1. Please go through the range A:108-167 and give me each residue that is within 14 Å of chain B (Cβ to nearest Cβ) and part of a helix (DSSP H, G or I), ordered by number.
2. Would you confirm whether any residue within the range C:39-57 is in contact with a Gly (Cβ under 7 Å, 6 or more places away or on another chain) and at the interface with another protein chain (Cβ under 7 Å from one of its Cβ atoms)?
3. Any residue at all in the range B:114-124 that's modelled with pLDDT of 90 or more, in a strand (DSSP E or B), buried (at least 24 other Cβ atoms within 10 Å of the Cβ) and away from chain C (no Cβ under 14 Å)?
4. Among the listed residues A:R90, A:R76, A:R71, identify the single one that is touching a Gly at 6+ places or on another chain (Cβ under 9 Å) and within 14 Å of chain C (Cβ to nearest Cβ).
5. Among the numbered criteria (1) within 11 Å of chain B (Cβ to nearest Cβ); (2) touching a His at 6+ places or on another chain (Cβ under 9 Å); (3) over 20 Å from B:A141 (Cα atoms), which one does C:Q18 miss?
6. Among A:T61, A:T91, which is the only one that is in a strand (DSSP E or B) and not hydrophobic (A, V, I, L, M, F, W, C)?
7. Among B:R15, B:R26, which is outside any loop (DSSP other than H, G, I, E, B), within 24 Å of C:Y105 (Cβ to Cβ), touching a residue at least 60 places away in the same chain (Cβ under 8 Å) and touching an Asp or Glu at 6+ places or on another chain (Cβ under 8 Å)?
8. Could you go through the range B:183-201 and let me know if any residue there is in a helix (DSSP H, G or I), within 14 Å of another protein chain (Cβ to nearest Cβ) and either of a type in the set (A, V, I, L, M, F, W, C) or without any contact (Cβ under 8 Å) to a residue 40 or more places away in the chain (or both).
Amino acid sequence: MSQQLVTTGIVLRRVDYGEADRILTLLTPNYGKLQLMAKGVRRIKSKLAGGIELFSVTNVTFIRGRGDIGRLVSTRLVTHYGGIVQDLNRTMLGYELISQLNKATEDEPETDYFHLLEAAFAALNDPDIPCELIQEWFTAQLLRLSGHTPNLQTAAGGARLRADLAYEYSFDDAAFVARDGAPYGADAIKFLRLMFSGHSPSVLVKVAGAEQLVAGTKQLVSLLAQQYSH
Amino acid sequence: MQQNGDGAQLSDQERLFLGLAEQLSRPLLQIAQLAELAAHDELAAAHERWQTAAAVSHASLQLVESYALSLRVHGKVTPLHLEPVTVSSLLYDTAHHLQPFAKQYDVELQLEPGPRVQPIIADRAVLQSALTSLGQVFVVAQAEADERTPVRLSAHRGRHGMVAGLYGKSTLGAESLRRAQTLYGQARQPLEHLVSGPAAGVFVADSLLRTLAARLHVARYRGLTGLAATLQPSQQLQLV
Amino acid sequence: MHVLLIEPDRLQATALTQALTQAGHSVAQAVSAQAAVARADERQPDVVVLELQLPHHNGVEFLYEFRSYFEWLRIPVVVHSFVPPRELKHAVTLARELGVVQTLYKPQTTLQQLCAAVAHAAAPVAS
């Protein structure tokens, strides 16, 4: 008899398969990305409710298949981040983050990616944490987990970054370069350090002037992500 | 003052007004669309449309009046007029005011006035406005739920006083209400488990009840979930 | 044409249905995202008219679910909503990824304009 396995998971994608089945792609902490066939789940009943909702952490029982696709046996909802869908922009950002993570984890993803997405849902579920901060933080975590944390300690040339200087980021040098009137001062660099050291959005939002710091650093983080996305 | 994560700084009354303004765009749009359709109607159909327009207009006017009353009382422009109020008669009057609106949405109202108890001391107009504003939300919510469960206006004895409120079939929980009280005027659907849209009637009702030192809370009674206020019977009248 | 109208408010739904019917279309009404999937399954629409503010699951959730079905990938969607377009920060995503062909702001859209948008949405693209 095939062994039933149990894991928590977050649904990344649901795709129609034939007349009555669906294929779910789940991100799990222990099994990486799982593709499971939910058999006989008729359209009319299944969709938007129950254990396979998006923006949820779910306990799934499944049987490994011979090929890549296993069979879903049962689900149980653990946490549903229902606050996300109260806001349309948060809903859309949630889908975008899922999509970004799905693309960033083509290969076998580690446990950290599961916890990242869970933390992202928790942040989106908190109306006091702005969307822009969550978006920048998530991009920074994807960079960090893929080993692309930028150099936030020393300038090009090796000298330690100084609090009394302003810097611009040089992509050629992959480091900050001091220049009068440059956009990144001590506060911005400290904020980036906090962000890239894995602190959660609930911590970042408490930084004085967080909103302005996000506005001032998000473009840099976005450009770094573009650089390493190829 | 509530400061949300996206930098907005609005007073409670400003947030209430924002929610109200959004809410009022709905009936005004309904009236505009009815007028657009009526231009092409036969007489009988046109008559029906105007009835709908009238019911919707009156409900909206009532909501505006309720909001204005809450502003006046909170701002001490109008003092509270406290008097003995029988909860059952209050519910009867509320049902009567809601009926034309409920009819348009094809929602049935059920009345459970509760046991004979001593009256409460309250401002009748404030309480009436609160329950009617709340009732409008529940009527729309029941219609959206697409089920045949009526909206129940009910009063019963609770542990801490007389619980008077409106009930329907919903999954509203205490946490959802708490969250909504943080989000109203800022989120477009602060009570999306109950009803789509701003649900301004709930927050106007809450604002009115606060003038009577009461708050809306989630309540469950006889298999239905709703929003209610707990009101204290009059100690003085008990002794009479 | 067959229109799937996703509109939670009963009075709104009645008025919109009558306008679309008078314009020569058949209309299936749904009050929620879940009901909308069921209606689409009963009869495939040619166009969807969608209010984004729905109870329980919003219109964006509906769109992602709708587009997860292969046969519904190309059905045009007209958003007709109380949400002002300027507040939709991801409007580009709506158009590009979710097949929203037009976004109408309800308080500034007449029934006639809605009917014109529906006719335009379903018109075949000139080759």
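The values are calculated or read from the model by the stated rules, or taken from the named source; none is laboratory data. Because the structure is predicted, anything quoted here is derived from the model rather than measured. Neighbour counts are summed over all protein chains in view; Cβ atoms, including those assigned to glycine, are modelled from backbone coordinates with ideal geometry.
1. A:A122, A:A123, A:L124, A:C131, A:E132, A:L133, A:I134, A:Q135, A:E136, A:W137
2. The first filter runs over the range C:39-57 and keeps only residues in contact with a Gly (Cβ under 7 Å, 6 or more places away or on another chain), leaving C:50-53.
Filter once more, so that each one left must be at the interface with another protein chain (Cβ under 7 Å from one of its Cβ atoms): C:52-53.
Checking the range C:39-57: at least one residue is in contact with a Gly (Cβ under 7 Å, 6 or more places away or on another chain) and at the interface with another protein chain (Cβ under 7 Å from one of its Cβ atoms).
3. For the range B:114-124, residues modelled with pLDDT of 90 or more, in a strand (DSSP E or B), buried (at least 24 other Cβ atoms within 10 Å of the Cβ) and away from chain C (no Cβ under 14 Å): present.
4. Sole residue among the options that is touching a Gly at 6+ places or on another chain (Cβ under 9 Å) and within 14 Å of chain C (Cβ to nearest Cβ): A:R90.
5. For C:Q18, the failing item is (2).
6. Going through A:T61, A:T91 in turn, the sole match is A:T61.
7. Testing whether each residue is outside any loop (DSSP other than H, G, I, E, B), within 24 Å of C:Y105 (Cβ to Cβ), touching a residue at least 60 places away in the same chain (Cβ under 8 Å) and touching an Asp or Glu at 6+ places or on another chain (Cβ under 8 Å) leaves just B:R26.
8. The answer is yes; a qualifying residue exists.
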